[in-house]
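Notes to accompany the following structure.
The values are calculated or read from the model by the stated rules, or taken from the named source; none is laboratory data. Since the model is a prediction, treat every value here as computed from it, not as a measurement. Neighbour counts run over all protein chains shown; Cβ positions are idealised from the backbone, glycine included. SASA here: full protein model, heavy atoms, side chains in, ligands and nucleic acids out. Shrake-Rupley method; radii C 1.70, N 1.55, O 1.52, S 1.80 Å.
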Amino acid sequence: MAYQQMTTISRYFFGDSDKTAFSVSIVENLKEDYGLFVWPCSIVLAEFVWQQRYGFSGNDVVELGAGTCLPGLIASKVGSNVTLTDDANRSEVVLMQCL
(Lines give C-alpha, C1' and ligand atoms only; values in the text may rest on other atoms or scores of the structure.)
Protein backbone atom coordinates (compact mmCIF):
# COMPACT_ATOMS: atom_id res chain seq x y z
CA MET A 1 0.00 0.00 0.00
CA ALA A 2 1.46 3.36 -1.02
CA TYR A 3 2.00 5.94 1.70
CA GLN A 4 0.10 9.18 1.14
CA GLN A 5 1.69 12.23 2.71
CA MET A 6 -0.68 14.73 4.28
CA THR A 7 0.35 18.35 4.48
CA THR A 8 -1.29 21.49 5.73
CA ILE A 9 -0.32 25.15 6.03
CA SER A 10 -0.74 26.80 9.42
CA ARG A 11 -0.61 30.58 9.86
CA TYR A 12 0.25 32.30 13.14
CA PHE A 13 -0.24 36.01 13.83
CA PHE A 14 1.84 38.20 16.14
CA GLY A 15 1.66 41.90 16.83
CA ASP A 16 0.42 44.69 19.03
CA SER A 17 -0.67 47.07 16.28
CA ASP A 18 -0.75 47.34 12.51
CA LYS A 19 2.81 48.71 12.58
CA THR A 20 4.31 45.66 14.25
CA ALA A 21 1.87 42.96 13.13
CA PHE A 22 3.14 40.04 11.04
CA SER A 23 2.28 36.44 10.34
CA VAL A 24 4.26 33.23 9.90
CA SER A 25 3.04 30.45 7.61
CA ILE A 26 4.40 26.95 8.22
CA VAL A 27 3.92 23.89 6.02
CA GLU A 28 3.32 20.89 8.27
CA ASN A 29 3.89 17.30 7.15
CA LEU A 30 1.50 15.16 9.13
CA LYS A 31 3.35 11.86 9.35
CA GLU A 32 3.24 9.12 11.94
CA ASP A 33 6.53 10.28 13.50
CA TYR A 34 5.27 13.86 14.07
CA GLY A 35 8.64 15.33 13.13
CA LEU A 36 7.38 18.38 11.26
CA PHE A 37 4.32 19.28 13.27
CA VAL A 38 3.65 22.51 15.19
CA TRP A 39 3.15 21.36 18.77
CA PRO A 40 0.86 23.45 21.03
CA CYS A 41 3.79 24.20 23.37
CA SER A 42 5.66 25.68 20.39
CA ILE A 43 2.86 28.19 19.86
CA VAL A 44 2.93 29.13 23.55
CA LEU A 45 6.72 29.56 23.51
CA ALA A 46 6.57 31.66 20.33
CA GLU A 47 3.97 33.93 21.97
CA PHE A 48 6.18 34.21 25.07
CA VAL A 49 9.15 35.24 22.89
CA TRP A 50 6.96 37.84 21.20
CA GLN A 51 5.62 39.22 24.49
CA GLN A 52 9.15 39.36 25.96
CA ARG A 53 10.77 40.51 22.69
CA TYR A 54 12.82 43.32 24.24
CA GLY A 55 14.60 40.75 26.43
CA PHE A 56 15.37 38.55 23.42
CA SER A 57 16.56 41.30 21.06
CA GLY A 58 20.32 41.16 20.49
CA ASN A 59 20.78 37.89 22.40
CA ASP A 60 21.88 34.49 21.13
CA VAL A 61 19.18 31.79 20.96
CA VAL A 62 19.63 28.10 20.15
CA GLU A 63 16.50 26.06 19.47
CA LEU A 64 17.20 22.36 19.95
CA GLY A 65 14.97 19.93 18.10
CA ALA A 66 13.42 22.86 16.28
CA GLY A 67 11.09 20.86 14.03
CA THR A 68 9.01 23.59 12.37
CA CYS A 69 11.01 26.23 14.35
CA LEU A 70 8.16 28.63 15.15
CA PRO A 71 9.74 29.98 18.40
CA GLY A 72 13.11 30.38 16.69
CA LEU A 73 11.56 32.25 13.77
CA ILE A 74 9.87 34.67 16.17
CA ALA A 75 13.12 35.12 18.12
CA SER A 76 14.88 35.96 14.85
CA LYS A 77 12.13 38.40 13.90
CA VAL A 78 12.55 40.29 17.21
CA GLY A 79 16.32 40.63 16.71
CA SER A 80 17.90 37.55 18.29
CA ASN A 81 20.85 35.75 16.72
CA VAL A 82 19.20 32.35 16.25
CA THR A 83 20.60 28.90 15.49
CA LEU A 84 18.00 26.21 14.72
CA THR A 85 18.87 22.52 15.02
CA ASP A 86 17.07 19.26 14.39
CA ASP A 87 17.76 15.74 13.16
CA ALA A 88 20.60 15.92 10.62
CA ASN A 89 19.71 12.46 9.28
CA ARG A 90 16.40 13.64 7.84
CA SER A 91 16.54 15.25 4.42
CA GLU A 92 13.49 17.46 5.07
CA VAL A 93 15.15 19.09 8.10
CA VAL A 94 17.95 21.61 7.60
CA LEU A 95 20.31 23.15 10.15
CA MET A 96 20.16 26.87 9.54
CA GLN A 97 21.08 30.13 11.10
CA CYS A 98 18.67 33.06 10.91
CA LEU A 99 20.40 36.36 10.36
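To keep it simple, each residue is scored yes or no on (1) under 22 Å from THR7 (Cα atoms); (2) open to solvent by 90 Å² or more (accessible area, probe 1.4 Å); (3) modelled with pLDDT of 90 or more.
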residue	(1), (2), (3)
TRP50	no, no, yes
GLY55	no, no, yes
ASN59	no, no, yes
CYS69	yes, no, no
LEU73	yes, no, yes
SER80	no, no, yes
THR83	no, no, no
ASP86	yes, no, no
GLN97	no, yes, no
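List the pairs whose first member sits in region 55-75 and is in contact (Cβ under 8 Å) with a residue 12 or more places away in the chain and part of a helix (DSSP H, G or I), whose second member is open to solvent by less than 50 Å² (accessible area, probe 1.4 Å) and among the basic types (Lys, Arg), and whose Cβ atoms are under 9 Å apart, counting only residues at least 6 apart or on separate chains? Note: pairs meeting the criteria are ILE74/ARG53; ALA75/ARG53.
So which of ASP33, ASP16 ends up being at pLDDT below 70, more than 14 Å from the chain's Cα centre (by Cα) and on the phi < 0 side of the Ramachandran plot? Talk me through it step by step, then tell me what you get.
On the way: ASP16 fails: at pLDDT below 70.
Among ASP33, ASP16, only ASP33 is at pLDDT below 70, more than 14 Å from the chain's Cα centre (by Cα) and on the phi < 0 side of the Ramachandran plot.
The one condition from (1) aromatic (Phe, Trp, Tyr); (2) open to solvent by less than 60 Å² (accessible area, probe 1.4 Å); (3) modelled with pLDDT under 85 that PHE22 does not meet is (3). Taking region 4-13 only, how many residues are assigned to a strand (DSSP E or B) and at pLDDT below 80? So the count comes out to 1.
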